[in-house]
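The values are calculated or read from the model by the stated rules, or taken from the named source; none is laboratory data. For clarity, every value in this text was computed on a predicted model and none was experimentally measured. We place every Cβ from the backbone using ideal geometry, glycine too, and count neighbours over all the protein chains shown. For accessibility, only protein heavy atoms count, side chains too; no ligands or nucleic acids. Shrake-Rupley method; radii C 1.70, N 1.55, O 1.52, S 1.80 Å.
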Amino acid sequence: MEKMSVRIVRLLAVWALVMVVVQCCPQPCTCVDKSVQNLANCAYKELLEVPTGLPPNITTLSLSANKIKLLKSKSFVTVTQVSSLWLAHNEIVTIEKDTLAPLDAFSTLADLRSLRINNNKFTTIVQGTFSTLTSLSHLQIFNNPFSCSCAVEWLRDWITTTKISVPEPNNIVCDSPEHLKGTMVTNMPKLSCKAPVVTITQQPDLETTELAEGPPSCLRVRLRNPSATAGLGAHHFQPELPFSSAVKWSQ
């Protein structure tokens, strides 16, 4: 009889634990607590962002096929045990700093082994995004519209040297610029990625020059070589140089 009572108490404890997990599962997700994996399934729910209130013990989190556009910093700060994160088939363009690395969206996911961010809208991925994911062994980034500029050169080199499995390299391709459209990122050519240098070669003698009243005069310079500033987050560099009479730039 005593053994039976102990058994009943244990079963009640397990049931209570399961109920706690179920109760803290956010709508409209479904959470399943198993001995092998604890799954939070939030796929196909038209979510616009990562839901809050996820059970802290989940190991697999599916957010696939939603309408998420931005991975905010600390999106996964409460689910540090996640080893599989599925974010495929969303509309993600940006991973905020402090989400993955060093304090970015994924920075708290030390156990993350599988990451799926394929079929999104990434045009670039910031260098270092995956550097803190020391357990990562599988990464899906195919079918994203990458802009093959200086900002993506690191990714080209990283894919070819990393020990992490990066499947379907034939579908990791450039969407722009037009002359590289369809080119595999790993085959994109090396670019000239040095920032342009603007040099002022002549200046007026400020001791003898008469300055008229009113707003200061400025010379506006526009560099017409987008590749020189690609990776700097701008399509052109437009400095304002007061009272310069001759300007040249080198690249």
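Go through the stretch 79-95 residue by residue and turn each phi into a ³J(HN,Hα) via Karplus (6.51, -1.76, 1.60, θ = phi - 60°); whole Hz please, and just put x for glycine and proline.
10, 6, 9, 5, 10, 10, 10, 10, 10, 5, 6, 10, 10, 5, 10, 9, 10
Here are some pairs, K34/K67; K163/K190; K121/K194; K45/K72; K45/K121; which of them have Cα atoms lying more than 25 Å apart in this structure?
K34/K67; K121/K194
Return the long-range amide H neighbours of V50 (sequence gap of 5 or more, or a different chain), with a cut-off of under 5 Å between placed amide H atoms.
K72
At 7 Å along the Cα-to-beta-carbon direction for both W154 and K72, put a label point, then send me their distance in nm to one decimal.
2.5 nm
When the solvent-accessible surface of protein heavy atoms is calculated with a 1.4 angstrom probe, in what order do C148, C24 fall, highest first?
Largest accessible area first, the residues go C24, C148.
I need the semi-axes of the equivalent ellipsoid of the stretch 68-169: take the C-alpha gyration tensor, multiply each eigenvalue by 5, square-root it, list largest first in whole angstrom.
The answer is 19, 15, 13 Å, longest axis first.
Percent of accessible area on the stretch 22-69 owned by carbon and sulfur, 1.4 Å probe? Let's see the in-between values first.
On the way: 1370 of 2630 Å².
Carbon and sulfur atoms account for 52 percent of the accessible area of the stretch 22-69.
Taking the highest mean first, how do the peptides 72-84, 174-186 order by number of other beta carbon atoms within 10 angstrom per residue?
Per-residue Cβ counts within 10 Å, averaged per peptide and sorted highest first, yield 72-84, 174-186.
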